[in-house]
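The values are calculated or read from the model by the stated rules, or taken from the named source; none is laboratory data. Everything quoted here is computed from the prediction, not taken from an experiment. When we count neighbours, we look across all protein chains shown, and the Cβ atoms used for this are built from the backbone with ideal geometry, even at glycine.
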Amino acid sequence: MSELQTRKDEAIAAIDAAETLDALEALRVEALGKQGWISLLLKTLGQMSPEERQIQGPAIQATRGEVADAIAARKAALENAELERRLASETLDLSLPAPQAPRGSVHPVSQVMDELAEIFADLGFSVATGPEIEDDWHNFTALNMAETHPARAMHDTFYFPDEGRGEGAASSSEAVGRQERMLLRTHTSPVQIRSMVAQGAPIRIIAPGRVYRSDSDATHTPMFHQIEGLVIDRDIHLGHLKWTLETFLKAFFERDDIVLRLRPSYFPFTEPSVEVDVGWQDVKGRRVLGGDGDAPGHGWMELLGSGMVNRRVIEFAGLDPDEWQGFAWGLGVDRLAMLKYGMDDLRAFFDGDVRWLAHYGFSAFDQPSLSAGVGARA
Ligand code: DAH
C-alpha cells in the first residue's frame, strides 16, 4: 500500500472519529488548509517529470476529493446530532402566558365620536363630513353671517393668505373675492350647508370633526372637535329638538335623570336660538350630571348651542323655507369626553403622551362599547 494511501486512510479514520465541529475543523486545516499535507503534495507536482506527474497528479487529486467528501459527511452528521440533541433537550411550554405585545389604544375623542355616531344611528341619523379647509361662504355667509356681521369677530379665524390661488388669481385680495377666501373652518356648521346643497331635504345628519380657532389656554386649544346635528323635514318644531337632545344625552351619559334647560340665546344661523344647559348635582364634592339643576346643591352647566334653522340659511342652501324647517345644534366633543370620563386638562388631549393614552385610552377590541363606559378601558 502506497504511502499516500496510508495517510489518506488515517486522515479519513480521524475525520470519521471527530467528536466536535472544532475538532473536525482542525483536521480540515491539517489536510486541506494552505499548509495542509495534501495542499503541499499538490505543490510538488510542478517539480515532477511529466511521466511521474501523470501518475501522481490524479492520485493526489482523488485523495483530496475523498478527504473533502469525508469532512463534509462528518460535518453534516455532527450538525444533525447537535440539532437532535437540542430538540430533545429544549421543550416548549405551551401553557406559559405569551409576553404582552405593545398595543395602541383608542383616543377618548375618537371613542366619544364613535359613541355619538352609534347613538344617533339608532335615531336614524347618518354621518356627514366636510372639508377642514373651508371657504368663507360655507363657513360664514351661508350661515347668515355676512361680511360685516359682528359674530364673525368671535371666531378668531385662521385665514389663508390670498396669494397662490392658481392661474388668473391676482395677488390682490380684491381680485380673489371675499366669498372665496379660504380659511380653517371655525365650526362644523358649514357641513349643514354642504349637506343641504348636496342631498336636499329631508335630512338627518350629524357631522363630527376638527375645527380651528386662534385660541389657547387650559380650556381652549387651537384645534378642537365639534359635532354638528341637523334635521330638516316638514313640520319640525322645538319639541323635536328637545326630545332628540334629551334622548341623546340620556344614552350618552347612561342616566335616566338627565334634565335639560333651554335658555334663549342668539346665533345668526338659528331663529329662535337656545343654549342648552344640563342639570348637575354635587356627589361628594364632584359635579355629576343628572338631577334637577334648581334644587339646593344642584346647578346648571352650559352644554351646547342649538335652535331652529334660520329661514335665510335654508334659502342659502337652495331649499324653500316655507316647505322645510328644521333644527340644528353644535357641541364640543372634547368637553363631552372630559365630562363623561373625568379628565380635567384639555391640552393633555393633544400632547400625544402615550402614558396619558394608556390611562385614558380605550381598547380597540371592545368597540363599540356604548354601554361599557369607563369599564371598557384596556
Ligand atoms: N357653530 C356654533 C359654534 O361653534 C355652535 C352652534 C350653535 C351650532 C347653534 C349650531 C347651532 O348648529 O344651532 O359656536
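Miscellaneous remarks
- Residue match in region 198-214 (condition: within 16 Å of the ligand (Cβ to nearest atom), at pLDDT 95 or above and part of a helix (DSSP H, G or I)): no
- Taking the numbered list (1) more than 12 Å from the ligand (Cβ to nearest atom); (2) part of a strand (DSSP E or B) in turn, MET308 passes all entries but (1).
- Residues of region 327-353 classified as of a type in the set (A, V, I, L, M), closer than 14 Å to VAL106 by Cβ and modelled with pLDDT under 90, total: 0
- Selection count, region 263-286, where residues are modelled with pLDDT under 90, surrounded by fewer than 13 Cβ atoms within 10 Å (Cβ to Cβ) and closer than 20 Å to PHE248 by Cα: 0
- Count of region 231-254 residues, restricted to those that are small (Gly, Ala, Ser) and surrounded by fewer than 16 Cβ atoms within 10 Å (Cβ to Cβ), is 1.
- Filter pass, ASP257 being at pLDDT 90 or above, more than 29 Å from ALA151 (Cβ to Cβ), surrounded by fewer than 16 Cβ atoms within 10 Å (Cβ to Cβ) and away from the ligand (no atom under 16 Å from the Cβ): yes
- In region 265-281, the residues that are touching a residue at least 12 places away in the same chain (Cβ under 8 Å) and within 24 Å of LYS340 (Cβ to Cβ) form Cβ pairs under 7 Å with partners that are aromatic (Phe, Trp, Tyr) and more than 9 Å from the ligand (Cβ to nearest atom), at six or more places apart or across chains, as follows: ASP277/TRP300; GLY279/TRP300.
- For LEU241: the one exception among (1) within 11 Å of the ligand (Cβ to nearest atom); (2) in contact with a helix residue (DSSP H, G or I) (Cβ under 8 Å, 6 or more places away or on another chain); (3) within 19 Å of GLN192 (Cα to Cα): (2)
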